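Scroll down for the structure; my scribbles are underneath it.
What follows is calculated from the coordinates using simple rules that are stated; it is not laboratory data. Fair warning: this is a prediction, and the values are worked out from it, not measured in the lab. No Cβ is skipped: glycine too gets one built from the backbone with ideal geometry, and neighbour counts run over all protein chains shown.
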Amino acid sequence: MTEPRNTDSWAAPVDAFHVGEVAEGARKGNVEGRKPTGPLQGFGRLWQKTYEVRMPGPTPEVVIATWKENFGQFWYPSNKFYAPAGGIAPGEVAVIGGGKGPTKVTSGVRVIYADERSWSYMTPEGHPWAAIITFSAHEGDDGATVARIHLLVRANDPLYEMSFKLYTSKLEDKIWNHTLTQVASHFGVAEPRIESSVVLIDRKRQWNQVSNLWKNSAVRTLLHRDR
């Protein structure tokens, strides 16, 4: 049996996140030792969100390489991305911080896949989302490069689900629209046009995951238990 050609692009499965060397100021208490949580482990309704922007000129490989190197700079201004020492590479864990005041939260993401044209994050327990988030670039029909962000996501617990309906779904849209605008602007696109779609995949809430509340990173951050 032959192995897939992209075996090296996948991170090895783990039972828990382990944070390596990160920048000063990163709080890893909501990340270290947490289990990976994809959409199957979340509580809320399952959503698919996609955001795209077209850019004439750069190749998909150049876009992804630049995006990986400057992810924190392209991200939403109120959020902080503490890149791992190994960069965005399979198995690396980054610490993140976002929001202000009572909505402030620290958490992280693990790179589960990365190659020259894409990479994917998975979230840990307690993160607002139980999600897989994929960043990619490909050639469009007109020859322009299309940068894409694709989310398969559930709110992690009932509190996050309530917040999703009231506030954070729209904030998520702002975050990724801002990110793609910054990426396109970096490559000289004067007025980037972001196209997006939202699809409800599963209307059911997974009440067997209600205990995710105990790991809620927003609550732990508010109580200063994220160090």
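Counting other beta carbons within 10 Å of each residue's own, what order do Ser169, Ser107, Ser120 fall into, fewest first? Provide the component values of the computation, followed by the final result.
Working: Ser169 15, Ser107 29, Ser120 23.
Fewest to most other Cβ atoms nearby, the residues stand as Ser169, Ser120, Ser107.
For Ala89, what is the net charge nearby, where nearby means another residue's Cβ is under 15 Å from its Cβ and Lys, Arg count +1, Asp, Glu -1? Please list the in-between numbers first.
Values: positive: Lys68, Arg110, Arg117; negative: Asp8, Glu21, Glu69, Glu92, Asp115, Glu116.
Result for the local shell: -3.
Here the 3J(HN,Hα) profile of region 198-213, calculated from phi with Karplus coefficients 6.51, -1.76 and 1.60 at θ = phi - 60°, is 10, 10, 7, 7, 9, 6, 6, 9, 9, 5, 6, 10, 4, 5, 4, 3 Hz, Gly and Pro shown as x.
Of all the options Ser78, Ser163, Ser136, the one that moves most in a Gaussian network model of the chain with Cα springs shorter than 10 angstrom is Ser78. Compactness of the chain, taken as the C-alpha radius of gyration over 2.2 N^0.38 Å, stands at 0.99.
With r as the distance between the Cβ atoms of Asn6 and Asp142 and R0 = 30 Å, compute the FRET efficiency 1/(1 + (r/R0)^6) and round to 0.05. My answer for the efficiency is 0.65.
Given the DSSP H assignment, sum -39500 (n - 2.57) over each helix run of at least 4 residues in the chain and divide by its residue total; what's the result at 222 nm in deg cm²/dmol, nearest 500?
Working: 5 runs with 44 residues, N = 227.
When only DSSP H runs of four or more count, the value is -5500 deg cm²/dmol.
The long axis of helix 60-69 is offset from the longest Cα principal axis of the chain by roughly 40 degrees. Taking 25 Å as the straight-line reach from the Cα of Lys165, the lysines in range (excluding those fewer than 8 positions away in the same chain) are Lys49, Lys80, Lys100, Lys104, Lys174, Lys204, Lys215. Phi angles of region 27-32 translate, via the Karplus equation with coefficients 6.51, -1.76, 1.60 and θ = phi - 60°, into HN-Hα couplings of 9, 10, x, 8, 10, 4 Hz per residue; Gly and Pro are given as x.
Taking GluC sites (Glu not before Pro) that fall in a DSSP loop and have at most 16 other Cβ atoms within 10 Å as cut points, what is the longest piece of the chain between them? Before the final figure, lay out the partial values.
Values: sites that count: Glu21, Glu24, Glu32, Glu116.
The longest uninterrupted stretch comes out as 117-227.
Arrange Asp141, Asp157 by Cβ neighbour counts within 10 Å, fewest through most, would you?
Asp141, Asp157
Each of Trp47, Trp75, Trp129 was scored by other Cβ atoms within 10 Å of its Cβ. Listed from fewest to most, they are Trp75, Trp47, Trp129. If you run the Gaussian network model on the chain, springs between alpha carbon atoms under 10 Å, then out of Val183, Val109, Val198 the most flexible one is Val198. Placing +1 on the Cβ of every Lys and Arg and -1 on the Cβ of every Asp and Glu, with nothing else charged, gives the chain a dipole about its Cα centre of roughly 1180 debye. Counting only alpha carbon atoms, the long axis of helix 169-186 and the longest principal axis of the chain meet at about 30°.
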